[in-house]
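Here's the structure, in C-alpha cells; my notes come after.
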Amino acid sequence: GDAAELAHHVAAAHADRAAAAGVTLTVSADGETVVHADPVRLRQVVGNLVTNAVRHTPPGGRVTIRTSSTVDTVTLAVADTGTGIAAADLPHVFDRFWRAEKSRSRQTGGSGLGLAIVRHLVQAHGGTVTAESEVDTGSTFTVRLPVHYNGKPA
C-alpha cells in the first residue's frame, strides 16, 4: 500500500474529532511511499497515535501526520503541539496501562494510551516505534517499517 494514501485516510477519519477539539490536522507526505504491511493494522497504528495527539493538544494546536521513505525504510510520524510528556515518563508510554495524568483518565476514559497495542502491531511488522517529547511543546511518535518484510504480520 501507499503510506501517504493511508495517512490521508486516517486524517479524513479523524477530521471531525480534530475540528471539534479546535486542532488543525494535516498530512505532510513525501512522494510515493510504498509499504508492505497490513493496511488495516497500519491504519489502526496511525489512527491510535492521531487519537492520542488530538486528545493531548489544546485548541489552536496542530497535529501533523508525516510520511517519508528511504530505499529500505518507510517512516510514519505523528507530531503534535500538545502538552508533551515529561522526560521521566517517556520510557513508560508504551507500557500497557500507563497514563500521563491519573486525573485525566476519568474524563477521557480508556485504559492508558493504547500504545502497547501500537508497539505490538509495529513490531509484528518488523518495525520500531519511538517517542520524543518536550513538555509544553509537544510530542512526536515515529513508526519505522522495513519496506520489505518477509515475516508474517500478526
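The values are calculated or read from the model by the stated rules, or taken from the named source; none is laboratory data. A quick note: this is a predicted structure, and the numbers were derived from the prediction, not measured. Don't worry about glycine lacking a Cβ; one is built from the backbone with ideal geometry, like all the others, and counts go over all protein chains shown.
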ask   = Which one is nearest to the chain's Cα centre (by Cα), of the residues in region 132-143 that are crowded, with 21+ Cβ neighbours inside 10 Å and not polar (S, T, N, Q)?
value = Phe141
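Among Leu76, Leu113, Leu90, which is the only one that is at pLDDT 95 or above and out of contact with any Cys (no Cβ under 8 Å at 6 or more places or on another chain)?
Values: Leu113 fails: at pLDDT 95 or above; Leu90 fails: at pLDDT 95 or above.
The match here is Leu76.
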request  = Go through region 34-64 and give me each residue that's of a type in the set (D, E, K, R) and assigned to a helix (DSSP H, G or I).
outcome  = Arg41, Arg43, Arg55
inquiry  = Cβ contacts < 9 Å: first residue under 16 Å from Leu145 (Cα atoms), restricted to region 25-43; second residue of a type in the set (Lys, Arg) and in a strand (DSSP E or B), any location; separation 6+ or different chain. Result?
reply    = Ala29/Arg66; Asp30/Arg66
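Name the residues in region 120-131 that are closer than 14 Å to Ala79 by Cβ and crowded, with 16+ Cβ neighbours inside 10 Å, would you? Working first, answer last.
First, pick out the residues of region 120-131 that are closer than 14 Å to Ala79 by Cβ: 129-131.
Scanning region 120-131 gives Val129, Ala131.
For Gly31, are the conditions met, namely being at pLDDT 95 or above, assigned to a loop (DSSP other than H, G, I, E, B) and surrounded by fewer than 16 Cβ atoms within 10 Å (Cβ to Cβ)?
Details: at pLDDT 95 or above: no; assigned to a loop (DSSP other than H, G, I, E, B): yes; surrounded by fewer than 16 Cβ atoms within 10 Å (Cβ to Cβ): yes.
The answer is no for Gly31.
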query = Do we find that Thr26 is of a type outside the set (D, E, K, R), touching a helix residue (DSSP H, G or I) at 6+ places or on another chain (Cβ under 9 Å) and under 18 Å from Gly127 (Cα atoms) in this structure?
reply = no
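Listed here are the residues, each with its yes/no results for (1) surrounded by fewer than 18 Cβ atoms within 10 Å (Cβ to Cβ); (2) of a type in the set (Ser, Thr, Tyr).
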| residue | (1), (2) |
| --- | --- |
| Leu6 | no, no |
| Val10 | no, no |
| Thr24 | yes, yes |
| Gly61 | no, no |
| Leu76 | no, no |
| Ala87 | yes, no |
key: Tabulated pairs, region 1-20, first touching a residue at least 40 places away in the same chain (Cβ under 8 Å) and farther than 23 Å from Thr70 by Cα, second surrounded by 19 or more Cβ atoms within 10 Å (Cβ to Cβ) and of a type in the set (S, T, N, Q), C-beta under 9 angstrom, 6+ apart or interchain   = His14/Thr51; Ala18/Thr57
